[in-house]
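Visitor: Structure in structure tokens, see below.
The values are calculated or read from the model by the stated rules, or taken from the named source; none is laboratory data. Note that the structure is a prediction, hence the values are computed from the model and not measured. Cβ: placed from backbone, ideal geometry, glycine included. Neighbour counts: every protein chain shown. Accessible surface areas use protein heavy atoms only, side chains included; no ligands, DNA or RNA. Shrake-Rupley method; radii C 1.70, N 1.55, O 1.52, S 1.80 Å.
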Amino acid sequence: MNKSRIEWCDYTYNPVTGCKAMCPYCYARKIARRFAFRFDGYGQDTHSIGKKCEKNELHEIDGTEGSPYPYGFDPTFHRYRLDEPQKIKKPQNIFVCSMADLFGEWVPDEWIEQVFEACEKAPWHKYLFLTKNPSRYHDLAEKELLPCRDNFWYGVTTITEKDLKHVFPMIGYNYFLSIEPYQGYIGIDEWIIDSSLKPIYKWIICGLETGPRADKITPSKSDLKNDIVETCQMKNIPLFMKNNLAPVWGEPLIQEYPWR
């Protein structure tokens, strides 16, 4: 568990790391490569730290030895991290698996179940999950494996409308939407409401691209205002602008939380 520099959370929690998606804007892959050390590539015994699953290049680690990313960006279950939320007694906003997509198709249900169970053991925190594969939420819900709790927030990250075309709301769950990197007008007012004209999402986060490509594409203030800000205001949806939007917005940033 690490204190976070991500503006909308207090801590990041990574019992699972790694991802098989090849998103062009991924910061996590670069970090994992920087700090990676493949134990099985340097003549060391991987069984001394955990075990390697037989299929799909999935790994499980039971101990804390070595690199935080011993298998690079291969999906890895760090079992020894499961109890970390219990060690922090003051309520926090915790981003779960900032260095992975916990809901990728390659992640076993058993890993996800154990992460949920670990979060449930420290119910004083708010847990923020985020995925580019929201259909997995529905698959887990149908199996009765997706907790429906006030302190569990299920996020979808997107940059275009087409990424959300298969998303349908499930009653009782807290949904939020992360639009990052925001590159310009995408018309969110047309696809963030359900058939009864109620908002699907209880919170929207918006930010620009970070890293070496940070200044490659910059949206206009009018796009941000007409597309995101006015839609959130009209639909009464809390909006959180990340700090990197300050040069575009040019006004005090809107940084709202749905639980305040």
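Visitor: Taking the options Ile88, Ile61, name whichever one is surrounded by 16 or more Cβ atoms within 10 Å (Cβ to Cβ) and modelled with pLDDT of 90 or more.
Guide: Just one listed residue meets the conditions, Ile88.
Visitor: Scan region 229-249 and report the pairs whose first residue is over 17 Å from Cys9 (Cα atoms) and among the small types (Gly, Ala, Ser) and whose second residue is at pLDDT 95 or above and outside any strand (DSSP E or B), with Cβ atoms within less than 7 Å and a gap of 6+ or a chain change.
Guide: From residues that are over 17 Å from Cys9 (Cα atoms) and among the small types (Gly, Ala, Ser), the pairs are Ala246/Leu253.
Visitor: Report, by residue number, each residue of region 146-160 that is assigned to a strand (DSSP E or B) and either at pLDDT 95 or above or not aliphatic (A, V, I, L, M) (or both).
Guide: The answer is Phe152, Trp153, Tyr154, Gly155, Thr157, Thr158.
So that you can scan it fast, the table gives a plain yes or no per residue for (1) touching a Cys at 6+ places or on another chain (Cβ under 8 Å); (2) under 21 Å from Thr17 (Cβ atoms):
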{"position": "Glu60", "(1), (2)": "yes, yes"}
{"position": "Asp83", "(1), (2)": "no, yes"}
{"position": "Phe116", "(1), (2)": "no, yes"}
{"position": "Glu142", "(1), (2)": "no, no"}
{"position": "Phe152", "(1), (2)": "yes, yes"}
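Visitor: Would you confirm whether any residue within region 209-231 is among the basic types (Lys, Arg), at pLDDT 90 or above and under 21 Å from the mean Cα position of the chain (by Cα)?
Guide: No, region 209-231 has no match at all.
Visitor: If the Cβ limit is 9 Å and pairs must be 6+ apart or interchain, which residue in region 117-140 that is within 22 Å of Pro85 (Cβ to Cβ) pairs with which residue that is assigned to a helix (DSSP H, G or I) and of a type in the set (S, T, N, Q)?
Guide: So the pair list comes out as Ala118/Gln86; Lys121/Gln86; Ala122/Gln86.
Visitor: Quick one: would you say Trp111 is within 27 Å of Asp227 (Cα to Cα) and either modelled with pLDDT of 95 or more or not aliphatic (A, V, I, L, M) (or both)?
Guide: No.
Visitor: Scan region 120-157 for residues that are β-branched (Val, Ile, Thr) and open to solvent by 20 Å² or more (accessible area, probe 1.4 Å) and jot them down.
Guide: Result: Thr157, single match.
Visitor: Looking only at region 98-121, count how many residues are assigned to a loop (DSSP other than H, G, I, E, B) and aromatic (Phe, Trp, Tyr).
Guide: 2
Visitor: Ok, one more. Specify the residue that is farthest from Glu57 (Cα to Cα); the eligible residues are those in region 100-119 that are open to solvent by less than 10 Å² (accessible area, probe 1.4 Å) and of a type in the set (A, V, I, L, M).
Guide: My answer is Ala118.
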